[in-house]
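For reference, the structure is listed below as structure tokens.
The values are calculated or read from the model by the stated rules, or taken from the named source; none is laboratory data. Nothing here was measured: the structure is a model prediction, and the numbers come from that model. All Cβ positions, glycine included, derive from the backbone under ideal geometry; neighbour counts span all protein chains shown. We work out accessible area using only protein heavy atoms, side chains counted, and drop any ligands, DNA or RNA first. Shrake-Rupley method; radii C 1.70, N 1.55, O 1.52, S 1.80 Å.
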Amino acid sequence: MEKKYKLGILVSGRGSNLQAIIDAIQKGEVNAEIAVIISNKKKALALEKGDRYGIPALFLDPKLYGSKKDYDLALVEKLQSYAPDLICLAGYMRILRTEFIQAFAGRIINIHPSLLPSFPGLHAQKQALDHGVKIAGCTVHLVEEEVDAGPIILQAAVPVLNEDNEDSLSARILQQEHIIYPQAIQMFIEGRVGNSMKAKTVETQ
Ligand code: GAR
């Protein structure tokens, strides 16, 4: 039987992108299995999906480690014990240190709710509204050491409406996140993600 790609998923919160990945795997759109879900937040709703779908789901407590470096080294060790082929950041809201990025070099991807390189960091959707942009969106990219930066795999664009607030714009963008994240993972699995890759834009209605 064909070997399934193993995904290690890092989360901090609600887990809707994790759910989209689980759904895409179940529909056969992503040829992978989730080896482990790890959260840096004890109360992350995303962790509950472990029980529901029979996936190992762990809380790794930052308070147990003396430094950010020690935490990331522990995270590397924990992930490696599940032998993931690809690490997916799905709403993981901690900055990853060099040691982590080097341990999984070229095999970490992230989703961010803006059309990068615009609006990296926190509250990307509010940044977009404050800037008055007319088009917003989301990006899946390979992770490099800079925050929310690295070669772009897929992007999706949505309109910003006059009556939008942070919640309504975030919801419109999130719908697209749930489409492009599984697609980007499948592209990675098929070897269609690499250094020479050019950004691809998904057209939206
Ligand atoms: C998503 O909007 C994701 O793009 C964002 O956090 C949210 C997580 O939602 N990530 C970042 O801002 C990373 N810089 P989810 O837990 O429901 O998937």
Take the alpha carbon atoms of region 13-34, find their center, do the same for region 79-152, and report the distance between the two centers in whole angstrom.
18
Quick check for me: using +1 on Lys/Arg Cβ and -1 on Asp/Glu Cβ, what's the dipole size of the chain about its Cα centre, in debye to the nearest 20?
340
In nm, to one decimal, how far is the modelled label at Lys69 from the one at Val133, with both set 7 Å along Cα→Cβ?
3.5
State which stretch of the chain is the longest one without any exposed trypsin sites (Lys or Arg not before Pro), exposure meaning a DSSP loop state and at most 13 other Cβ atoms within 10 Å.
44-133
Loop sites in region 41-129: chymotrypsin sites (Phe, Trp or Tyr not before Pro), DSSP, at most 16 other Cβ within 10 Å:
Tyr65, Tyr82
What's the carbon and sulfur percent of region 1-96's accessible surface, probe 1.4 angstrom, rounded to a whole number?
50
Grab the DSSP H runs of the chain that are 4 residues or longer, score each as -39,500 (n - 2.57), total them, divide by all residues and round the 222 nm result to the nearest 500 deg cm²/dmol.
-10000 deg cm²/dmol
hull vol. (C-alpha, convex hull) per residue for region 34-110, Å³ -> 87
Please calculate the 1.4 Å probe accessible area of His178, with all protein chains present, and give it to the nearest 10 Å².
60
Scattering profile of region 84-193 from the Debye formula, Cα beads only, expressed as log10 I(q)/I(0) at q = 0.10, 0.12, 0.20, 0.21 Å⁻¹, is -0.28, -0.40, -1.00, -1.08
Per principal axis, descending, Cα span of the chain in whole Å
48, 43, 36
Counting sequence-distant residues (5 or more places) and residues on other chains, those with an amide H built under 5 Å from that of Ile108 are Ile87, Val143
If the chain between Arg192 and Glu29 were fully extended at 0.36 nm per residue, the gain over the current Cα-Cα distance would be 57.2 nm
